[in-house]
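To keep things clear, I will list the structure first and then write my remarks on it.
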Amino acid sequence: MSNNVIGKSIVRPDTIAKVTGEARYAADMAVFRNDLLHIKALYPPYGHAKIVSIDASEAEKLPGVAYVLTGKNLPSWTNNGYGVVVADKPAIAVDKVNYEGDAVAAVAAETLAIAEEAVKLIKVEYEPLPAYDDPCEIVDDPVSAIHTNHPNSGNSPVSSRNQVINGDAEAAFANADVIIDNFYETPMVDHAYLEPDVCIAEPDYFQGGIIIHSPQHAVQNARRELSHVLGLPVSKIRVIGGIAGGGFGGKEDSTYDVSAIAGILCRLTNRPVVFEFTRDEVFKNTGKRHASFVHHRLAADKEGNLLGIMADDILDKGAYMSVDFIPDRMTFYNGGPYKIPTSRCIGKSVFTNHPYGCAFRGLGVPQAAFAMESQMDMLADKLGMDPLELRLKNIVHGGDRTHSTQAILEERGVGLEECLLKAAEAIKWDEKIVNDPASPIKRGKGISCFMYGNGTGGSPDGAHCVVQAQQDGTFNIMMSQSELGQGLLVAMKQIAAETLGVSADDIFIDVSDTAASLDAGPTVSSRSTVFAGNAVLNGCKILRERFLTHAAKNTFKTGVDALYIENGTIYRKGRPEENMPLKQAIVEAYTDQVPLAAVGSWFPPKVTGNETGTYDQMHAFTFGACAVELSVDTRTGEITIDRSVLACDVGKAINPSTVEGQMQGGMAQGIGWSIMEEQFMKDGRMKNHTYHDFLIPTAMDLPNLETIIVEHPNCLGPYGAKGIGEPPVVGLAPAIRGALHQATGVFMNKIPFTPVRVMEALRKEEKL
């Protein structure tokens with residue numbers, strides 16, 4: 001029986017607290033404490049330099065200073081290194097700095113003002129080194145490697161390399177009627193989350209060890225990755241995530257940047273400490289979306305059938321490794337959601353003296369999609385075909401395989417064609433725009449499509465939780481997943497409520513805390529709804545069967561199959577008058593010593609990789625299509641997005657309102673990436689590090705963001721669901737590019753499409 005909770009737009013439990021300002025974030029917690037030492041770090045004026053000498057004696061003498069940490073007095077118990085995958089980023093730089101976010105000293109003092117004054121007293125002598133800004137220039141130059149004996153790359157500037165080699169791509173190109181050959185560039189950008197990175201670290205006086213309060217994507221991962229830098233076993237580190245003010249992937253490791261220093265100084269002083277970045281420090285110190293440089297070649301016959309692709313992807317890795325499977329993601333998605341028989345794709349990430357490239361909503365897929373979808377538009381233009389028609393001719397359906405041989409399975413939801421058709425219908429694709437030759441304002445429409453896998457695409461990757469029944473008929477669910485504003489709490493409540501046959505109000509999701517919650521994997525890769533949701537579903541099913549089994553035997557004197565739970569009551573099928581409250585069944589089960597807690601777990605099909613990259617990485621995909629209508633002022637180059645439509649196949653919308661919110665947020669972020677956001681670096685130093693000169697879209701820059709939910713159920717998802725966190729950002733840039741071309745006749749291959757770049761492209765076109 002169904003409780004009819006799935007598919008309803010239920011108000012999120014955190015809504016009122018966030019709207020009223022009553023929600024308490026980590027920095028708010030610090031305001032109400034008077035026992036904290038305050039931390040301030042010193043950062044270098046260079047992007048790459050040797051540390052010749054450092055003198056902290058004057059800072060140490062300043063009244064109120066508790067400790068000054070430098071590379072000269074690091075405790076023996078720390079390895080001074082941390083990172084999501086490889087511990088290559090130092091908490092405190094010792095011999096040299098590799099980007100301007102490398103701390104060379106950190107002060108713990110009684111007040112922030114004292115800490116800031118002490119930092120000014122620290123004297124450091126540097127020897128500047130060549131700073132490398134362009135990964136394309138140094139990719140094949142070992143002399144330009146900023147690391148020696150790196151644990152992953154050795155002495156190479158290439159952090160990682162991945163490939164997809166499928167069939168004879170060279171032969172496909174030799175036999176092609178049409179070859180589209182282009183270079184594409186996308187920028188490094190900041191996550192622009194509202195809450196700056198912050199950590200409160202305090203000694204665990206009761207058991208020993210340390211307690212860290214910091215907004216995280218993955219509290220269980222955090223304590224594992226911080227254990228060596230803090231010189232403690234994993235079991236003695238407790239990480240509490242709490243409320244997070246956004247993350248978009250960045251807080252998978254940016255919180256380590258504050259937690260590592262805070263944790264070391266907490267241990268050294270045996271005092272609670274707080275370390276919060278300023279916005280300037282968030283810009284300069286924390287990870288960014290990888291800038292990408294893609295050489296993409298697409299082969300087709302004269303009817304528009306795709307024959308093969310070749311792609312060479314170079315990514316700006318920045319100074320440290322962080323999440324380094326972005327080249328793997330790009331090569332996997334270089335062919336988009338199309339059936340392509342052959343491919344040769346090579347992806348490389350290259351160390352530079354920039355902020356480290358890290359996880360950012362989409363994980364390399366937006367970069368790959370920009371290139372592939374742009375190629376499809378250019379192929380359509382070359383063949384004189386409608387861009388929508390060309391896509392419909394080549395998209396995957398159930399039973400097809402992508403360029404990497406990934407199998408597309410109908411039973412896991414393949415709603416791509418429906419998404420394309422509905423997006424096209426919404427924007428009235430068939431109604432062509434006729435621009436007035438005399439008007440400087442030109443209008444155009446663009447369309448794109450995409451696919452996005454749910455999960456990391458590797459093994460092991462799973463989720464666990466604890467479901468605890470209370471004797472009043474309510475339930476607690478404990479899992480290490482983070483509410484980052486995406487609506488996790490309400491989705492998990494609904495899945496649990498539907499499974500247990502109770503109201504969503506009877507479900508409480510406990511805060512992400514390593515001391516109380518099992519490892520559910522990181523809150524990344526659009527995996528939470530499916531992975532954590534399936535774990536919740538499994539745990540709730542176990543408890544439901546326990547209570548029904550006990551009630552069937554002791555109260556109803558019948559088989560379990562004759563009972564069902566609805567609205568918090570156990571009923572006998574066909575005899576609704578025979579019933580009992582679920583809470584009574586729980587009490588009676590507890591009296592008979594039936595366990596009231598269960599561990600729920602879920603793993604997707606195991607992934608076995610190979611060197612050619614031709615294997616099934618993802619168990620299911622979210623499909624989508626984006627359509628855009630825009631206006632261009634050819635006098636100024638200014639673009640106005642007039643309409644933005646996004647259709648996504650989400651399998652099943654657990655909570656439609658939060659799904660729509662994710663889709664709208666992704667479109668807004670995609671528009672910003674496409675037309676205005678860009679981080680500028682020179683000699684390893686960031687040139688724009690405030691919101692005055694790093695622009696993100698405001699409500700005034702955005703159109704009405706129109707959403708279309710498509711549901712093709714995923715047999716492996718909870719109630720058919722798929723992930724929706726990241727897919728909405730993927731399709732905007734190529735759709736905007738296509739609309740820009742329709743409006744002006746100009747194809748632009750580098751984003752963002754700023755007024756300056758648009759004007760340069762228009763003037764270049766006029767000269768041809």
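Pairs of Cα atoms under 8 Å, at least six residues apart: use those to get the relative contact order of region 623-719, whole percent.
Values: 130 pairs, mean separation 36.1, N = 97.
Value for region 623-719: 37 percent.
If you build the convex hull over the alpha carbons only and average its shadow over all orientations, what do you get for region 545-701? Give it in nm² to one decimal. Each step should come with its number before you reach the end.
On the way: hull surface 79.3 nm².
Over all viewing directions, region 545-701 projects a mean Cα-hull area of 19.8 nm².
Please enumerate, by chain and number, the aspartates and glutamates with C-alpha under 14 Å from the C-alpha of Lys120, excluding those fewer than 8 residues away in the same chain. Cα-Cα hits under 14 Å: Asp55, Glu58, Glu60. Within a straight-line Cα-Cα reach of under 22 Å, Lys767 can be paired with the following lysines, leaving aside sequence neighbours fewer than 8 residues apart in one chain: Lys382, Lys442, Lys750.
DSSP finds beta bridges in the chain, and of those with both partners inside it, around 80 percent are antiparallel.
Restricting to Cα atoms and excluding each atom paired with itself, what does the Kirkwood estimate give for region 551-623 in Å?
On the way: mean 1/r = 0.0619 Å⁻¹.
It works out to 16.2 Å.
Sorting Leu582, Leu232 by solvent-accessible area of protein heavy atoms yields Leu232, Leu582, largest first, with a 1.4 Å probe. Of the residues Thr331, Asn305, Gly318, the one whose Cα sits farthest toward the positive end of the charge dipole of region 294-341, with +1 on the Cβ of Lys and Arg and -1 on the Cβ of Asp and Glu, is Asn305. When every alpha-carbon pair in region 374-480 is counted, what percent end up more than 16 Å apart? That fraction is 74 percent. Put the Cα centre of region 365-418 next to the Cα centre of region 611-678 and the gap is 15 Å. Place a label point 7 angstrom from the Cα of Thr634 along the Cα-to-Cβ direction, then list the residues of region 435-470 whose backbone nitrogen is under 20 Å away. From region 435-470, the list is 435-446.
Relative to the present Cα-Cα distance, how much length would full extension add between Asn34 and Asn567 at 0.36 nm per residue of separation? Display every interim value, and only then the final one.
Working: separation 533, 0.36 × 533 = 191.88 nm, distance 4.72 nm.
Here the segment from Asn34 to Asn567 would lengthen by 187.2 nm.
Can you list the residues of region 456-486 with backbone N under 19 Å from a point 7 Å past the Cα of Glu545, pointing along Cα to Cβ? Residues 463-469 fall inside that zone. What the Cα atoms of the chain give is an Rg and a Dmax of 27.2, 88 Å.
Quote to one decimal, in nm, the extra length available between Thr405 and Lys606 on full extension: 0.36 nm per residue of separation minus the C-alpha distance between them.
Values: separation 201, 0.36 × 201 = 72.36 nm, distance 1.65 nm.
Contour length minus the Cα-Cα distance gives 70.7 nm.
For Val52, the accessible area of its heavy atoms, probed at 1.4 Å with every protein chain present, is near 80 square angstrom. Taking amide H as placed 1.01 Å from N in the peptide plane, the amide H of Ala319 sits under 5 Å from that of Thr352, His354, Tyr356, Gly357, each at least 5 places away or on another chain. A straight Cα-to-Cα reach below 18 Å connects Lys682 with the aspartates and glutamates Glu100, Asp102, Glu127, Asp133, Asp134, Glu137, Glu185, Asp190, Asp280, Glu281, Asp316, Asp693, residues fewer than 8 places away in its own chain not being considered. In the structure shown, do any of Lys40/Lys123; Lys493/Lys652; Lys251/Lys541 have a Cα-Cα gap over 25 Å, and if so which? In this structure, Lys251/Lys541 exceed 25 Å between Cα atoms. Working note: Karplus 6.51/-1.76/1.60 with θ = phi - 60° gives region 73-80 the couplings 10, 4, x, 5, 7, 9, 8, 6 Hz, where Gly and Pro are set to x.
Ser526 contributes an accessible area of around 10 Å² to the protein surface, as traced by a 1.4 Å probe with all chains present.
Each helix, a run of at least 4 DSSP H residues, gives -39500 (n - 2.57); summed and divided by the residues of the chain, these come to -8000 deg cm²/dmol at 222 nm. Under 5 Å between amide hydrogens, built in the peptide plane, is the criterion, and for Ala66 it picks out Ala108, Ala109, Glu110 among residues at least 5 positions away or on other chains.
Taking all protein chains together and rolling a 1.4 Å probe, Trp429 ends up with roughly 10 Å² accessible. Short-range pairs are left out: with C-alpha atoms under 8 Å and at least six residues apart, the relative contact order of the chain is 16 percent. A viscosity of 0.692 mPa s and a temperature of 37 °C, combined with the Kirkwood radius over Cα pairs in Stokes-Einstein, give a translational diffusion coefficient for region 633-712 of 221 µm²/s. Taken about its Cα centre, the chain carries a charge dipole of about 940 debye when Lys and Arg each add +1 at the Cβ and Asp and Glu each add -1 at the Cβ.
What the phi angles of region 650-655 give under the Karplus curve with 6.51, -1.76 and 1.60, with θ = phi - 60°, is a coupling list of 9, x, 8, 7, 4, 10 Hz, glycine and proline written as x.
Quick one: accessible area per residue over the chain, 1.4 Å probe, rounded to a whole number of Å²?
Working: 28280 Å² over 768 residues.
With all protein chains present, the chain gives 37 Å² per residue.
For region 81-168, the spread of Cα coordinates along the three principal axes comes to 66, 28, 21 Å, biggest extent given first.
Taking the average, over residues, of other Cβ atoms within 10 Å as the packing measure, peptides 496-503, 27-34, 224-231 rank 496-503, 224-231, 27-34 from highest down.
Determine the order of Tyr356, Tyr571 by accessible area, beginning with the largest, at a probe radius of 1.4 Å.
Numbers: Tyr356 5, Tyr571 55 Å².
Order by accessible area, largest first: Tyr571, Tyr356.
Per the 1.4 Å probe, what fraction of the accessible area of the chain, in percent, lies on carbon and sulfur atoms?
Details: 14590 of 28280 Å².
Roughly 52 percent, rounded to a whole number.
Extending 7 Å from Cα along the Cβ direction at Gln207 and again at His692 yields two label points whose distance is 4.9 nm. Between Lys123 and Met580, the FRET efficiency estimated from the beta carbon spacing at R0 = 56 angstrom works out to 0.15. The phi torsions of region 606-623, fed into the Karplus equation with coefficients 6.51, -1.76 and 1.60 and a -60° offset, translate into couplings of 5, 9, 10, x, 8, 5, 7, x, 9, 7, 7, 7, 10, 7, 7, 10, 8, 9 Hz, rounded to whole numbers, with Gly and Pro shown as x.
What's the Cα-based Rg to Rh of region 99-252, Rh via Kirkwood?
1.09
Return a whole-number percent for the relative contact order of region 336-480, with Cα pairs under 8 Å and 6 or more residues apart as the contact set. Provide the component values of the computation, followed by the final result.
On the way: 108 pairs, mean separation 32.6, N = 145.
Rounded, it is 22 percent for region 336-480.
How much length, in nm to one decimal, is gained on full extension between Glu170 and Asp642, taken as 0.36 nm per residue of separation minus their Cα-Cα distance?
Working: separation 472, 0.36 × 472 = 169.92 nm, distance 4.20 nm.
Result for the pair: 165.7 nm of gain on full extension.
Selection among Thr549, Asn270, Ile696 by position relative to the dipole of the chain gives Thr549 as farthest towards the positive end (Cβ unit charges, Cα centre). Simple rule: put +1 on each Lys or Arg Cβ and -1 on each Asp or Glu Cβ in the chain, find the dipole, and look at Ala532, Gly609, Met748; the Cα lying farthest toward the positive end is Ala532.
Only the Cβ atoms of Lys and Arg (+1) and of Asp and Glu (-1) were treated as charged; on that basis the dipole of region 476-595 about its Cα centre amounts to roughly 380 debye.
The values are calculated or read from the model by the stated rules, or taken from the named source; none is laboratory data. Values in this document were obtained by computation on a predicted structure and should not be read as measured data. All Cβ positions, even for glycine, are placed from backbone atoms using ideal geometry, and neighbour counts span all protein chains on display. When the accessible area is computed, the model is the full protein with side chains, heavy atoms only, and any ligands, DNA or RNA have been set aside. Shrake-Rupley method; radii C 1.70, N 1.55, O 1.52, S 1.80 Å.
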